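Take a look at the structure set out below.
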Amino acid sequence: MKYDFDKIIERRGSGAIKTDVLKEKFGRDDLTPLWVADMDFETPEFITDALKRRLEHSLYGYTSEPEEYWPTVIKWIQDHHQWKVRQEWLTFIPGIVKGIGMAINALLAKDEKVIIQPPVYHPFRLVPQGNRRDVVFNPLHENEDGTYSMDFENLEAVCDDKCRMLILSNPHNPAGIVWSRDTLERLASFCHRRGIIVISDEIHCDMALYGHKHIPFASVSDEAAACSITFGSPSKTFNIAGIVSSYAIVPSESLREKFYGWLHANELCAPPLFSPIATIAAFKDGENWRRQMLEYIEGNIDWICSFFAEFIPQVKPLKPQASFLVWLDCRALGLNHDALVDLFVNKARLALNDGETFNPGGQGFMRLNVAVPRSVLHDAMERLRKAVSDL
Ligand SMILES: Cc1ncc(COP(=O)(O)O)c(C=O)c1O
């Protein structure tokens, strides 16, 4: 079956954050939304049909987990990432960002700190700080060619005895990095030695592009398995973030006792009715859709990369190795933060996430979500070209 990613779905009025809070966030609503990390592609029919089938039963009382829920997740991970996960390692969580907050509350003392590696997904800073924990930055090292590496020397330097957790974006949002085995092994060895729990957020893991291969952090070594909590979800890949279908994977028994014990005590690991239904449908029937979607995303990325090179060479997109977010280096435009935002929002009428959101290292960058029908992208880029040429 051939899926149609060119189809335009009107999201305004559906309550979508991407379209319906534009005015609140950007001060105007006549913008093309290329920000929030969900896709403007229709949720595939094998998921909608599964949900509809359950909806037809007109009683939505308390439900137990379907028997095939975890075996389906386990098979997906084994088939896609060659990682053998045991059922007792898994639990539902009501969202990955919430999972980070819950892990902090369950596992860290009040004076213990969290390391993050900016520029990175902003809740990695906001959630620890909101829970009154200090955040320690180990900024990614920007290489000459615009790619990034982890800075292990600086990690040694900034890490003190109070650092007890490190949050890893694997693959990395916003720079689209698929971390190498070597990097993950080094990180595991460092964190294990120092007694640091690694939260590996792998929400983008099923969207590796251009032949790159995602490596689950916990799978790289015994040390990694012993010190890590992995979070995953079908929500990004299959565009079902609103359904909330995340899960945690914890191989270490002692970590499970603490973390899952806390989750159970607070009844936070029972999935709502629709989560397992959507997850099972996605992971059982979604492979063909996933492949076609990624091919379309690669087409969009290739197209914008040539467009920028030809028409807006001052903006340099970092070609992502995974997912549908493109990190745009706009520093050669020579604009300060306000002027850069003004260019995108008021002149080009585009809503992107501005780089400063992603903490140190994000200044002068913008994050572009290319998971939109190509005609929308064409129109958006033309407007950006005109706005830049009018500067
Ligand atoms: C790296 C990363 N983690 C987590 C999330 C959100 O996950 P959830 O909706 O399960 O909290 C996002 C969404 O953009 C993300 O990019």
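The values are calculated or read from the model by the stated rules, or taken from the named source; none is laboratory data. All figures in this text were calculated on a predicted structure; none of them were measured in a lab. We place every Cβ from the backbone using ideal geometry, glycine too, and count neighbours over all the protein chains shown.
Determine, yes or no, whether F124 is over 21 Å from the mean Cα position of the chain (by Cα) and either within 16 Å of the ligand (Cβ to nearest atom) or among the hydrophobic types (A, V, I, L, M, F, W, C) (or both).
Judged against the criteria, F124 is not a match.
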Query raised in the report: Being modelled with pLDDT of 95 or more, in contact with a helix residue (DSSP H, G or I) (Cβ under 6 Å, 6 or more places away or on another chain) and within 13 Å of the ligand (Cβ to nearest atom), is that true of even one residue in segment 66-74?
Result: no
Requested in this report: For L368, state whether it is surrounded by 24 or more Cβ atoms within 10 Å (Cβ to Cβ) and not in a loop (DSSP other than H, G, I, E, B).
Outcome: yes
Query raised in the report: Can you name the residue in segment 209-241 that is of a type in the set (G, A, S), under 14 Å from the mean Cα position of the chain (by Cα) and not in a helix (DSSP H, G or I) and is also nearest to I167 (Cα to Cα) among such residues?
Result: G232
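Looking at G27, G15, which is the one that is within 16 Å of the ligand (Cβ to nearest atom) and within 30 Å of L352 (Cβ to Cβ)? Working first, answer last.
Details: G27 fails: within 16 Å of the ligand (Cβ to nearest atom).
None of the others qualify; the one that does is G15.
From the residues in segment 242-251 that are part of a strand (DSSP E or B) and within 11 Å of I199 (Cα to Cα), which one is nearest to the ligand (Cβ to nearest atom)? Give the steps one after another, and end with the answer.
Filtering segment 242-251 for residues part of a strand (DSSP E or B) gives 246-249.
Within this subset, residues satisfying the condition of being within 11 Å of I199 (Cα to Cα) are 248-249.
Working: A248: 11, I249: 14 Å.
Step by step, filter segment 242-251, then rank; the result is A248.
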Query - Scan of segment 334-365 for residues that are touching a residue at least 12 places away in the same chain (Cβ under 8 Å), under 27 Å from N138 (Cα atoms) and outside any loop (DSSP other than H, G, I, E, B), ordered by number - result: H337, L340, V341, N353, D354, G355, E356, T357, F358, F365
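Does I277 satisfy the criteria of being outside the structural domain of P234 (by TED's automatic domain parsing), crowded, with 20+ Cβ neighbours inside 10 Å and touching a residue at least 60 places away in the same chain (Cβ under 8 Å)?
Values: outside the structural domain of P234 (by TED's automatic domain parsing): no; crowded, with 20+ Cβ neighbours inside 10 Å: yes; touching a residue at least 60 places away in the same chain (Cβ under 8 Å): yes.
No.
When only residues in segment 185-203 that are under 11 Å from F217 (Cβ atoms) and within 16 Å of the ligand (Cβ to nearest atom) count, which is farthest from the chain's Cα centre (by Cα)?
Going through segment 185-203, the residues under 11 Å from F217 (Cβ atoms) turn out to be 185, 187-188, 191, 198-202.
In the following step, the residues that additionally are within 16 Å of the ligand (Cβ to nearest atom) were identified as 198-202.
On the way: V198: 16, I199: 13, S200: 11, D201: 7, E202: 7 Å.
Applying the filter and picking the extreme gives V198.
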